[in-house]
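The numbers here are math on the coordinates, done by the rules we state, and not lab data. Nothing here was measured: the structure is a model prediction, and the numbers come from that model. Here Cβ is always computed from backbone atoms with ideal geometry, including for glycine, and neighbour counts include all displayed protein chains.
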Amino acid sequence: MERVTGLGGPFIKAKDPQQLAAWYEKHLGIAFNGTTYAAWQPGKMPATGFTLFSIFPEDSDYFSPSRKDVMVNFMVKDLKELLAALKNEGVEIVGNPVEEEYGKFGWVLDPEGNKIELWEPPV
């Protein structure tokens, strides 16, 4: 019997869901289209991308400075360009970007203090 066959997506609570959805649409280009949910179709992911479900130790500081228990990771095409644009838009950049064998990473905070990881998969 098959059980879990994939990740349906991240779900977060917000004080003002419409306002937070508008922030994600404006700054990260996620098309909410006036709603509070966005869907990506299978097959639209870059060939080197993948969906990861990861569990961190309770005392991990990887989500810092966010005090939330969940962090969302979004795939992006050009991390350096996106971080520069977000900085110009007044989005809070967290830490310095890093490059690993499995891609480039940068982080921002949304208006409610959720840390967002931006991941550019390797070419």
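Under 5 Å between amide H atoms, partner at least 5 residues away or on a different chain: which partners does Asn114 have, H built in plane at 1.01 Å?
So Asn114 has HN proximity to no qualifying residue.
How would Lys87, Lys104 line up from fewest to most surrounding beta-carbon atoms within 10 angstrom?
Listed from fewest to most nearby Cβ atoms, that is Lys87, Lys104.
Return the long-range amide H neighbours of Phe74 (sequence gap of 5 or more, or a different chain), with a cut-off of under 5 Å between placed amide H atoms.
Hits under the 5 Å cutoff: Glu117, Leu118, Trp119.
How big, in percent, is the set of alpha carbon pairs in the chain lying more than 17 Å apart?
Looking at the chain, the distances longer than 17 Å represent 61 percent of pairs.
Work out from phi, with θ = phi - 60° and the Karplus expression 6.51 cos²θ - 1.76 cosθ + 1.60, the ³J(HN,Hα) of each residue of segment 49-55, listed in order in whole Hz, and give x for Gly and Pro.
Computed from phi, the couplings for segment 49-55 are x, 7, 9, 10, 10, 10, 10 Hz.
Could you run the Karplus curve 6.51 cos²θ - 1.76 cosθ + 1.60 with θ = phi - 60° over segment 97-114 and give me ³J(HN,Hα) per residue in whole Hz, x for Gly and Pro?
For segment 97-114, the Karplus-derived couplings read x, 10, 10, 10, 4, 9, x, 9, 10, x, 9, 9, 10, 7, x, 9, x, 7 Hz, x marking Gly and Pro.
Can you compute the helix-only [θ] at 222 nm over the chain? Use -39500 (n - 2.57) per DSSP H run of at least 4 residues, normalise by all residues, nearest 500 deg cm²/dmol.
So the helix-based figure for the chain works out to -5500 deg cm²/dmol.
With θ set to phi - 60°, apply the Karplus curve 6.51 cos²θ - 1.76 cosθ + 1.60 along segment 22-34 and write out the HN-Hα couplings as whole Hz, x wherever there is a Gly or Pro.
Couplings: 5, 5, 4, 5, 5, 8, 10, x, 7, 7, 8, 6, x Hz.
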